[in-house]
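The values are calculated or read from the model by the stated rules, or taken from the named source; none is laboratory data. Values in this document were obtained by computation on a predicted structure and should not be read as measured data. Neighbour counts run over all protein chains shown; Cβ positions are idealised from the backbone, glycine included.
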Amino acid sequence: MAFLDYPGLTRFKNWLDRTYMKISPTSWAQIKRELDLGHGPTILPVGSQIADTWAKDANNSYSAPWDVVHYDAAGNMALNWHYAIPDGIPFDAPEAIYYAPSGGLAAGTYHILIGTAYGTGWDTAKAIQFTLTEAMDEGDQLYIECGTNNANDPTNGRAWNVYAQGSTTSKQSGTTSNGTGGTELGTIGAVNVHRTNGNLNAISRVVYGSGRWKESAIRQWLNSSAAAGAWWTPQNGWDRPPSVHGSVRGFLAGCDSDFLNILETVTVTTALNTQEGFAETTETTQDKIFLPCLENWYINPQLAGEGDEWDYYKALAQEAGLAGKFQQGQTYEILKKYRVDATTSAVYVWLRSCNRGGANIAWYVYDSGGVNNHTYAYYAYRGCPACIIKKSA
């Protein structure tokens, strides 16, 4: 028996098991150990599925398997939810038009000039006039209800409210009119509809929200374990809470503790749009959970360099008969995603890549498998969470 217990034989048996029997690890801790030993691609090759559960709340829990989608050169393992999240989450909410500067803004009548036409509602011959009955405190937000439609005239009796930054409790309210009375606050859309101007927001973000991953509501939701109403905070002076903030808890609150124990923060790169005047073409975030980018899903990108091309999606492209990548604007049945709580119901899913031609749009995949970006950030679509399980040095 002493000879049979010799450690070398045990290691040899483990190697045989991994190589020829494809042992399935039984816990996230074991997966991490095998990954650290360099065995990940052997026991969990690309295309494998890791069983897991996710709890939407105390009463609703779902089977939520992870697909093994890629191993990078360092041996880190990329995972992507096989299904999409059950609730629609806006990429971002329509934002405030203005926030008060240092010292606040006194009560009185003000107007905002319109520098660029947008849709049929925003007319450069008009100005947005309103009257404050009370002073705005420093950082307070002026939010105009534009009805998420650029055909709505912001000067034509649109409702406005003043909120403390990020709050949903109105401090005062009124309606707009067309006029240049009182004090001018500046020109919104002075350069284009997608660029901010001092304390004035971009017109497109006022109407539809922002398509920037770093400041998005869905990024905050994916990376939080907080309760409903506690996972979102303003990411800029105009940021407003998404419609679902008070009704869903953070994504991480539904994950198993053993999964969270091995989950680490990674650097995620995302392209920036070309319209807001950024000095760089990309920016990085530190995320535990993220949405895939175009390149991750082997879709032809607007700008290369956001992330690895995942082998799982390369295989899907080959299975679909493609000689190369999935293409923008085309429809692929094989890219359809289904809800984790209704696994025969196809849904729209967000990607994190922005539409580089505007400030208010992100890429997504239709419920038909169509690859598109002609939509707006306020839409409450689903998404397929992704993460990287890192191999220890």
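Checking segment 80-101 against the condition returns a match, with at least one residue being more than 23 Å from the chain's Cα centre (by Cα), under 25 Å from VAL193 (Cβ atoms) and small (Gly, Ala, Ser). Does VAL340 satisfy the criteria of being within 24 Å of THR53 (Cβ to Cβ), of a type outside the set (Phe, Trp, Tyr) and out of contact with any Leu (no Cβ under 6 Å at 6 or more places or on another chain)? Yes.
Picking from residues in segment 124-146 that are among the charged types (D, E, K, R) and either in contact with an Asp or Glu (Cβ under 8 Å, 6 or more places away or on another chain) or within 17 Å of ARG158 (Cα to Cα) (or both), the one that is surrounded by the fewest Cβ atoms within 10 Å (Cβ to Cβ) is GLU145.
Consider segment 172-210 and keep the residues that are assigned to a strand (DSSP E or B) and among the hydroxyl-bearing types (Ser, Thr, Tyr). The one that is farthest from ALA125 (Cα to Cα) is SER173. The residue list ALA315, ALA377, ALA359, ALA386 contains one member that is buried (at least 17 other Cβ atoms within 10 Å of the Cβ), under 16 Å from ASN296 (Cα atoms) and of a type in the set (A, V, I, L, M), which is ALA386. Among the residues of segment 330-361, those that are more than 12 Å from the chain's Cα centre (by Cα) and aromatic (Phe, Trp, Tyr) comprise TYR332, TYR338, TYR348. Of all residues in segment 106-123, those that are of a type in the set (Gly, Ala, Ser) and either part of a strand (DSSP E or B) or under 29 Å from the mean Cα position of the chain (by Cα) (or both) total 4. If the condition is being part of a strand (DSSP E or B) and touching a residue at least 40 places away in the same chain (Cβ under 8 Å), then segment 343-360 contributes THR343, VAL347, VAL349, TRP350, LEU351, ARG352, SER353, CYS354.
For segment 82-105, the count of residues that are within 30 Å of ASN355 (Cβ to Cβ), polar (S, T, N, Q) and not in a strand (DSSP E or B) is zero. In segment 197-214, what residues are within 20 Å of the chain's Cα centre (by Cα) and surrounded by fewer than 24 Cβ atoms within 10 Å (Cβ to Cβ)? The answer is LYS214, and nothing else.
When GLY329, GLY321, GLY369 are checked against the criterion of being under 23 Å from ALA78 (Cβ atoms) and either of a type in the set (Lys, Arg) or assigned by TED's automatic domain parsing to the domain that holds ILE218 (or both), a single residue qualifies: GLY369.
Has segment 184-196 got any residue that is crowded, with 17+ Cβ neighbours inside 10 Å and within 29 Å of GLY229 (Cβ to Cβ)? Step through it out loud before you land on a result.
Kept after step one, since they are crowded, with 17+ Cβ neighbours inside 10 Å, are these residues of segment 184-196: 185, 187-189, 192-196.
If we keep only those that are within 29 Å of GLY229 (Cβ to Cβ) as well, we get 196.
Scanning segment 184-196, I find at least one residue that is crowded, with 17+ Cβ neighbours inside 10 Å and within 29 Å of GLY229 (Cβ to Cβ), so the answer is yes.
TYR364 meets all of the listed conditions (1) without any contact (Cβ under 8 Å) to a residue 24 or more places away in the chain; (2) more than 14 Å from the chain's Cα centre (by Cα) but one, namely (2). Residues of segment 268-309 that are among the hydrophobic types (A, V, I, L, M, F, W, C) and touching a Gly at 6+ places or on another chain (Cβ under 7 Å): LEU291, CYS293.
So, LYS288, is that one without any contact (Cβ under 8 Å) to a residue 24 or more places away in the chain and surrounded by 19 or more Cβ atoms within 10 Å (Cβ to Cβ) or not? In short, no. Applying the condition of being without any contact (Cβ under 8 Å) to a residue 60 or more places away in the chain and within 25 Å of the chain's Cα centre (by Cα) to segment 143-181 and asking which residue is farthest from ASP92 (Cα to Cα) yields ALA164.
Looking across segment 211-236, the residues that are of a type in the set (A, V, I, L, M) and either touching a His at 6+ places or on another chain (Cβ under 6 Å) or assigned to a helix (DSSP H, G or I) (or both) come down to ALA217, ILE218, LEU222.
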